[in-house]
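Written out below as structure tokens is the structure these notes cover.
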Amino acid sequence: MFSTLVAVSTLLVGANALTPNNIMRRDNSLTSLKYTSVGGSGSYNKVTDLVPGDWPSCTVSDYCQTESVTVSGNIAPFAEELTVAFRGPMTISNIAVYQPSNSSAATWSQVSSWTAGGAANNLVFMNNKGGGLSGEWSVCGGASQSYANGTWDGAAASPMDSVMDGNLPAGEEVNIVTGNACNSTNACSAFTRGTANHGWADSKMFVVTAQMPDSSDASQVPAIWALNAQVVWAAQYGCNCRNEGPVGCGELDIAEVLYGTGDDPTAAISEIYSFKGATGSGASAFARPVDSPTTFAVVFDESSDQISIQELTEWDYTQTAVTRSIVSGYLDASGGETVSFSSNSRRADKRSIFGAHHRRRNH
Ligand SMILES: *[C@@H]1O[C@H](CO)[C@@H](O)[C@H](O)[C@H]1NC(C)=O
Ligand SMILES: *[C@@H]1O[C@H](CO)[C@@H](O)[C@H](O)[C@H]1NC(C)=O
Ligand SMILES: *[C@@H]1O[C@H](CO)[C@@H](O)[C@H](O)[C@H]1NC(C)=O
């Protein structure tokens, strides 16, 4: 273990070390996937208001009020604030987020982190159980976000109110945001309700170490995915800007196990959705980390207009910064699969590309 940690830290000082040597290689599954030409110009339907309605049922036909907004640029709309969501059965041991101070900075600093059983730094776990101890519920909007409690199966009154051991039960979902609340002095860029915190904007690298154990109920399958934070600010399941494809505000399925006819419960696929359409990992897939944890690193890079998803053999979560050359090394690594998102071309797939989410709860 000591020698492998040395190898990782050596990468940090080697400005010429453009090929990080900790990318996992497996013979029969994907370990490195890169989306190129991610951004562009387009529009999505931004939520401007969610009319709560009156008990006992929602009779407001236009309760989900939106306006079309145009966005453009590299990795648009993924340069907007993002959240990362997790669905059990899963055990999460570590999370860290790295960001550059600007798109040309030589260093990406650790801005958020959390260790199972330990403390969090600028990171809050939320879930969609608003209306009780935190957040709100309405007949038209359903549940807003709530602060997740320590066992990730209920809400808490305050952020990170207890130590969390990282065990996400089957069927439960949590998502991470920063410790910065959306409020009048630190406003979020779109409609929010209940409990809402800022996500991570511009370039960012998420690193997570997690295990996805076998499901005792085969229909309960794990997933890790990133969403435009606006989705959870309104309603992750209900009135939001997500869509899947045209007029969508952005979703990246990082590693999602599918449950359905013909789906392999030992595989974890990736899909990307924006106003441009959708594409994904196609016929290949990551291996579901059933027996031991694995580490996924996801880089959203504005300067190269790319997103990479890689499985790493290890990660030193104590490192407080990563050089740009290391980030470039991941983005430029050979041996993986590269998928262009330059147009709304859809790839041959293991399944209907828009079918997957219907297998995830309410989704
Ligand atoms: C980008 O960030 C670096 C490091 O913080 C800084 O030295 C540089 O001046 C910044 N560049 C721009 C264009 O803001
Ligand atoms: C979290 O909430 C669930 C549902 O209310 C409850 O069963 C569980 O005991 C709570 N966990 C903690 C640590 O409070
Ligand atoms: C707004 O949120 C910020 C960041 O969480 C916090 O520092 C500040 O105290 C809050 N302000 C108000 C008025 O609640």
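See the values below:
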read-out: All positions within the range 261-273 that are at negative phi and assigned to a loop (DSSP other than H, G, I, E, B); value: 261, 263, 264, 265, 266
read-out: Filter pass, residue 232 being assigned to a helix (DSSP H, G or I) and farther than 25 Å from residue 262 by Cα; value: yes
read-out: The range 91-136, subset hydroxyl-bearing (Ser, Thr, Tyr) and crowded, with 22+ Cβ neighbours inside 10 Å, residue farthest from ligand 3 (Cβ to nearest atom); value: 98
read-out: Number of positions in the range 280-293 that are of a type in the set (S, T, N, Q) and surrounded by 24 or more Cβ atoms within 10 Å (Cβ to Cβ); value: 1
read-out: Residue selected from the range 79-89 under the condition in a strand (DSSP E or B) and more than 16 Å from ligand 3 (Cβ to nearest atom), by the criterion farthest from residue 230 (Cα to Cα); value: 88
read-out: Answer residue from the range 225-273, given it is touching a Phe, Trp or Tyr at 6+ places or on another chain (Cβ under 9 Å) and of a type in the set (Val, Ile, Thr) and is nearest to residue 65 (Cα to Cα) among those; value: 247
read-out: Single match in 279, 266 (criterion: at pLDDT below 95 and hydroxyl-bearing (Ser, Thr, Tyr)); value: 279
read-out: Residue list for the range 243-252, restricted to those being acidic (Asp, Glu) and surrounded by fewer than 24 Cβ atoms within 10 Å (Cβ to Cβ); value: 244
read-out: Evaluation of residue 187 against (1) away from ligand 2 (no atom under 14 Å from the Cβ); (2) hydrophobic (A, V, I, L, M, F, W, C); (3) within 21 Å of residue 47 (Cβ to Cβ); (4) surrounded by 21 or more Cβ atoms within 10 Å (Cβ to Cβ) (one fails), failing number; value: (4)
read-out: Flag for residue 266 being more than 30 Å from residue 47 (Cα to Cα) and within 15 Å of the chain's Cα centre (by Cα); value: no
read-out: Qualifying residue in the range 190-203 (condition: surrounded by 24 or more Cβ atoms within 10 Å (Cβ to Cβ) and aromatic (Phe, Trp, Tyr)); value: yes
read-out: Unique residue being in contact with a helix residue (DSSP H, G or I) (Cβ under 6 Å, 6 or more places away or on another chain), at negative phi and of a type in the set (Gly, Ala, Ser) when the list is 292, 281, 303, 308; value: 308
read-out: Lone qualifier among 194, 238, 166, 248 - being under 25 Å from residue 117 (Cα atoms) and of a type outside the set (Asp, Glu); value: 166
read-out: Any hit, the range 213-223, residues being in contact (Cβ under 8 Å) with a residue 12 or more places away in the chain, away from ligand 2 (no atom under 16 Å from the Cβ), in a strand (DSSP E or B) and not hydroxyl-bearing (Ser, Thr, Tyr); value: yes
read-out: Any hit, the range 278-291, residues being closer than 28 Å to residue 167 by Cα, without any contact (Cβ under 8 Å) to a residue 40 or more places away in the chain and in a strand (DSSP E or B); value: no
read-out: Residues within the range 240-253 that are at pLDDT 95 or above, in a loop (DSSP other than H, G, I, E, B) and touching an Asp or Glu at 6+ places or on another chain (Cβ under 9 Å), tallied; value: 2
read-out: All positions within the range 198-217 that are within 15 Å of ligand 3 (Cβ to nearest atom) and touching a Ser or Thr at 6+ places or on another chain (Cβ under 6 Å); value: 198, 199
read-out: Filter result (more than 16 Å from ligand 3 (Cβ to nearest atom) and within 20 Å of the chain's Cα centre (by Cα)) within the range 150-164; value: 152, 153, 164
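The values are calculated or read from the model by the stated rules, or taken from the named source; none is laboratory data. Bear in mind the structure is a predicted one, so any value in this text is a computation, not a measurement. Neighbour counts run over all protein chains shown; Cβ positions are idealised from the backbone, glycine included.
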